[in-house]
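The values are calculated or read from the model by the stated rules, or taken from the named source; none is laboratory data. Just so it is clear, the model here is predicted, and its values are computed rather than measured. Cβ coordinates were reconstructed from backbone atoms using ideal geometry, including for glycine residues, and neighbour counts include every protein chain displayed.
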Amino acid sequence: MEGVVARRVIPSDNSCLFNAVGYVMDHDKNKAPELRQVIAATVHLGLPKFILLDKQSGIHNYNLEVYHKLSFAFGAGLVGNLLIYCADFYLIFCGEGAIELSILADYYGREIAAYDIQTTRCDLYGQGKKYSERVMLIYDGLHYDALAMSPFDGAPEEFDQTIFHVRSDRTIGPIEGLALNLVKEQHRKRSFTDTARFTLRCGVCQIGVVGQKILIVLLREFPGRCTGHVNFQEYR
């Protein structure tokens, strides 16, 4: 196939994951409200899958981490009866959005390949489900954009191909190599945020933190100061 893999920029409005998925699935960059409802319904109905409380043996480590993150967003008293999923807050502090992408891959019945610029790793959601199509995203540590096959550099987005057939060897052919080359080029340019070492400042109280883990501890230990503050901005 002739053409280039292009990065389609999604606005940085705390809805980038949802709107990036909306673009590659439906060519619509305004799908966040609808897709958040999908996540809300799935997380609510399958809450034990994500938060496993066991009074006898304690809480499983992975689920404890998820429990804390959701608690920050909704308050610990609401987590057990979660009706609304605040994806804005969750994605800021929960890293790569693995839960959301897993749910959305199943919702659309397509694989979602998420390329991480920092590691050049590709995380494939919906793998093992034998879906016949795949879409691609790119992630810089804080933000998601869409990847598309374009006939030439600078071609209008209406010519984009974003859905690709999965072959019998479970690849999408040469397009994977083109996508990886783009990701490696972005890595060489250091077009990513290292969330283990990044510096953020709360736009409300102006407190600064270094690294995602410190941010989570801050929110846990000083809830009165930062509860509800989601306007964190990176600074250097």
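I need a count of the residues in segment 73-126 that are at pLDDT below 50, crowded, with 20+ Cβ neighbours inside 10 Å and in a loop (DSSP other than H, G, I, E, B).
2
Enumerate the pairs (first residue in segment 119-136 and over 16 Å from residue 180 (Cβ atoms); second residue anywhere and of a type in the set (Val, Ile, Thr)) with beta-carbon separation below 8 Å, excluding pairs fewer than 6 apart on the same chain, so at least 6 apart or on different chains.
125/112; 126/112; 131/166; 132/166; 133/163; 133/166
Mind checking which residues of segment 131-183 are in a loop (DSSP other than H, G, I, E, B), of a type in the set (D, E, K, R) and either over 22 Å from the mean Cα position of the chain (by Cα) or at pLDDT 95 or above (or both)?
153, 160, 167, 169, 170
So is residue 146 touching a Ser or Thr at 6+ places or on another chain (Cβ under 9 Å) and small (Gly, Ala, Ser) or not?
yes
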